[in-house]
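Quick notes on the structure that follows.
Each reported figure results from applying straightforward, stated rules to the coordinates on display, with no laboratory input. In this text the structure is predicted, and so the values were computed from the model without any measurement. So basically every Cβ, Gly included, is an ideal-geometry build from the backbone, and we count neighbours across all protein chains shown.
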Amino acid sequence: YAKYLPHSAGRYAHKRFRKAQCPIVERLTNSLMMHGRNNGKKLMAVRIVKHAFEIIHLLTGEN
């Protein structure tokens, strides 16, 4: 399912495969927060994903 803002603060690691229920955009955002200088900067990662989706929308015309 789609989420407008990929920042749910959900408990997706509570059980074994529950991370599959996490929205894919939020998983992409969380993966951008890896490495020491980017740890915890979720708003920056959300902004990067949003700009990337806007560029994809301009190039392909799809959302």
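Brief remarks follow.
- Computed 3J(HN,Hα) for segment 37-42, one whole-Hz value per residue from the Karplus formula 6.51 cos²θ - 1.76 cosθ + 1.60 where θ = phi - 60°, is 6, 9, 5, x, 8, 6, glycine and proline marked x.
- Computed from point charges on the beta carbon alone (+1 for Lys and Arg, -1 for Asp and Glu), the dipole magnitude for the chain about its Cα centre is near 480 Debye.
- Here the Debye sum runs over all C-alpha atoms of the chain as equal scatterers in vacuum, and log10 of I(q)/I(0) at q = 0.29 Å⁻¹ comes out as -1.24.
- DSSP-loop GluC sites (Glu not before Pro) across the chain, with at most 11 other Cβ within 10 angstrom: 62
- Among 61, 35, 25 the positive-end extreme of the charge dipole of the chain (Cβ point charges): 35
- Extension gain for the segment residue 44 to residue 8, taken as residue separation times 0.36 nm less the Cα-Cα distance, is 11.4 nm to one decimal.
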